[in-house]
Structure formats: C-alpha cells, structure tokens
1. Sorted from largest down, what three extents in whole angstroms do the Cα atoms of segment 322-436 have along their principal axes?
2. What do you get for chymotrypsin sites (Phe, Trp or Tyr not before Pro) in segment 326-380 restricted to DSSP loop and a cutoff of at most 10 other Cβ within 10 Å of the site's Cβ?
3. For residue 284 and residue 416, calculate 0.36 nm times their separation in residues minus their Cα-Cα distance, and state this gained length in nm to one decimal.
4. Among 409, 262, 386, 418, which comes first, then next, by fewest other beta-carbon atoms within 10 Å?
5. Would you please put 126-132, 94-100 in order of how densely packed they are, using the mean number of other Cβ atoms within 10 angstrom per residue and starting with the highest?
6. For the modelled label position 7 Å from the Cα of residue 213 along Cα-to-Cβ, which residues of segment 24-52 have backbone nitrogen atoms closer than 19 Å?
7. Which net charge results when you count Lys and Arg as +1 and Asp and Glu as -1 among the other residues whose beta-carbon is under 12 Å from that of residue 67?
8. When a footprinting reagent is the concern and you count Cβ atoms within 10 Å, what order do 41, 65 take, fewest first?
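Taken together, the values in this text are just the output of simple stated rules run on the coordinates, not laboratory data. Keep in mind the model is a prediction, meaning the values are calculated, not measured. Counting neighbours? That spans all protein chains shown, and the Cβs are built from the backbone with ideal geometry, glycine included.
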Amino acid sequence: MWRASKRGLVLILMSEAVQSRCRLAANLIIFCNLLYWLGRSCIRPAFPMLLHDELSADSLGLLLSLQSFLPIFFSLSAGSLGDRFGHVRVLNVGGICSAFSVLCFLYGFLDTTPENQKMTVWVFGMVLSGMAWLFFWLALQSLAATPLREGGEGKVPSVSQMIYRLSLTMSMGLIIGPVLTGFMLELGTPEAFWLTQLVLSIGHALVCWALARMMRGAVFAEEEKTLAGQGKRRSAWTLGFPEFLENWSSFGGRPYVSVLLVSLLMLFSVDLMGTFVPAHLGNAGVSESDIGIIIIGGHLAGVLLRIALAFRWFSLSERVGLAASVCLCALGLFFMALLPPNFSWLAIGVFLGMGIGLGEPVGMQIIARYAAPERRGLALGGRVLVNRIGMFLAPYVGFKAFSMFGPVVGGLGLAFSVATVGAVAIYVYRSDGAED
C-alpha cells in the first residue's frame, strides 16, 4: 500500500512538473514573438529616418521593399522546410539570420565602412532580414499550433489562446517599435542605435535557441518530432509551388480557401490605409499629425480587439469571425467613398484596423485546426503569399480606381468588390460543412 501511494505521489509530482514546463514553453513562445516584432518594427522606420538625405527616394524604396518582395517567392519554401526538417530547427535559423542582418546594418552605418560597400551590405542585410521573418514567423505559428500537453483546465493555454496572444504581441511590437526608434535616434548616435538592436537580436536568437531546446523535449514535441521529415522533398528550384498546388484537402479544403480569400481582402484593404489614404488626405490639405492619428487609431482599434480575444472577454465562431472581418473591411471602404477627406476618416481607420485585428488570428486558428500537421507550415506559407499579393495590389488598384472613377464611385466599387468576394469566401466555408 505504501509503494502504491508513493508511486501515485511521484506521478502527481511528474504531472505538475510537466505542466510547469508546458506553461514555461507557452510563455517563451509569446515572449520570443514580442521580442522579434519589437526589433523588426524598430528597424524599418530607422532607415528612412537615417538615410533620407543620403539616398534617393527610389533607392530607399527599393531597399525597404526587399523585405516584402521576398515572401512572394520564398514563403512556400520556408513553410515547406519546417514541415521537412522540423519547425524548431527553422526557428533557430530565423533567429540567427535576424542577428546577422542587424550586424550587416551596423557595419553599413559605421564611419569606417567604405562608401562603395554600404549599399551592398544593406541589401544583403535586408535579404537576411526578409528570410529571417519568413523562417521565424512561420515556424513560431506552427509551434503555437502544436498542442501542449494539458493537465487540467486553465493550466496550459489552448491553441486558440496561443494564436490570439501571438497576434496581440505582434500588434504591440508594431506600435511600440517606431516610437522607441524615434526616442533612441534623438538621444543617441546611429551607431548606438544599431548596437542596441544587435544586443536585442542576439538576445532574441538566444531565446529562440532556448525555446527550440524545450520544444525538442519529449514533453512538448512528440508530435513535432514525428512530423519532421514527412513533407515531400522537391528540387530547390521549385520553391514549394508544386507541393502547394497538390492535395489541398490536407490544408483543410474549403475552409482553407476561405482563409486565403479573406486574407487577400484584409491585406488589400489595410494596405490601402497605409499607402493610398495618406496621399489622398495630404492632397486634400489634412495635416501630417492628423493623418498619423488616423492611421495609429486604426492600429490601436485592432490591438484592443485582439486584447479582448486573447483574454476571452468575448468569443466568436470561426465562420462568424471571418464574416465580421470582411464586413468591417467593406464598411471601411464604403465610408472612404462617402466621408469627406478630413479627420472623420478616423472611423475608416478603426473599421479597417478591427477587420484585420479580428480576421488574421481567426485565419491562423482555422489553419491550425484543419491543416494536416505535416503540411501546416506549407499552409501557413500560402497564407503569407496571398497576404503579400494583396499588399502589392492595393496601391495600384486603389489609385487607379479613384483616378479613373473618382472617390465616390471608385470607393463604392472597391467596397462592393470586397463584400462580394467576401460573401463567396463565407459561402465556400459553409458549403464544406465545417463545424465551428
């Protein structure tokens, strides 16, 4: 009897230890995500602030666009690599690439660096930074979608909670980073700024390493370890496209198609807010400070919505979440056509910010639920690819619609197009018979 009770006590203690390590792993995932997005959002505005007098607008724009251009070609490959070799390995590669990219940026801004080498170093750093984003973000989403062992209600975050917290910390980093950049550049030299970023990126790489070691443990990564290597191998030149085009049922079938369509609409609508809206309001005589408040107000609305979702203040089914996201984006474009170009466009920013604030984590959650675990990285890579296509289409289509048809007809046409494609996406999701 004593041996039986002793064995039971040992099992209880082991279960508590497992739960403690699972909670630590979950917290490390969230902390790692916050560190990365904080550093990334500090770096992007630093280049325009530091180089606006040294580089032409075209050269600066091409340099910054490298980070957004790479995912169109390599997002599927990055997701597929995680499926083949394990997402913990890809996570480490992302952390290392991020640290080396900041090292390149630092070297390019040193006074001792020859002028003819600076642009080459910055371009190489941007390429590394873009690849680091792909490797890190896709791997971390996949790890967050891998269920941790549960030992009691509320002890270990669920997959949906992890995804909402990832989205929340990403939004927080994107808002805080540019503010920190402004303060650091005012208080110190460019070299001091980049040294601070280098320390931050090295710390982030170490957190990635610690998280990867923990997730490789038998407690957390039984599923992850058995899945590594199950993805089909292809020649490197295919960039993952053949794998992506075959067997869509393993991505979740029609729910996955719905996620891709809604993601395209969300990023198209939100990127209009970041590209077309400032130019249109500026031409209408709106001050730069008011334009900044309108754009930041939209981001804050999305953050508040993600806070509510992360802390379970309310909940929505997946289908309702997608539908609400499409409606918010369509409403934003609808009011863009009707409201005069002034500070009232803050309402447009709020609608669009809430649209992506809701739709992005819901889309990630649907992929985590329906995509086969051995193809999850490739499915997430497909969503990133569609996002970037929407971002590239937005400036051209937006300016073309408003210039050809005027703000009212052009805006209403965009709103109607978004609502129509969104209705098709929701119908496709429902027609699959997927349960919420």
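1. 49, 26, 25
2. Details: sites: 334, 335, 343, 345, 351, 370; in loops: none.
Of the chymotrypsin sites (Phe, Trp or Tyr not before Pro), not one in the loops of segment 326-380 has a Cβ with at most 10 other Cβ atoms within 10 Å.
3. Working: separation 132, 0.36 × 132 = 47.52 nm, distance 2.45 nm.
My answer for the length gained is 45.1 nm.
4. Working: 409 13, 262 30, 386 22, 418 25.
In increasing order of surrounding Cβ atoms, one gets 409, 386, 418, 262.
5. Highest mean packing first, the order is 94-100, 126-132.
6. Zone members listed by number: 24-33.
7. Values: positive: 40, 44, 388; negative: none.
In short, +3.
8. Numbers: 41 21, 65 13.
By the 10 Å Cβ count, ascending: 65, 41.
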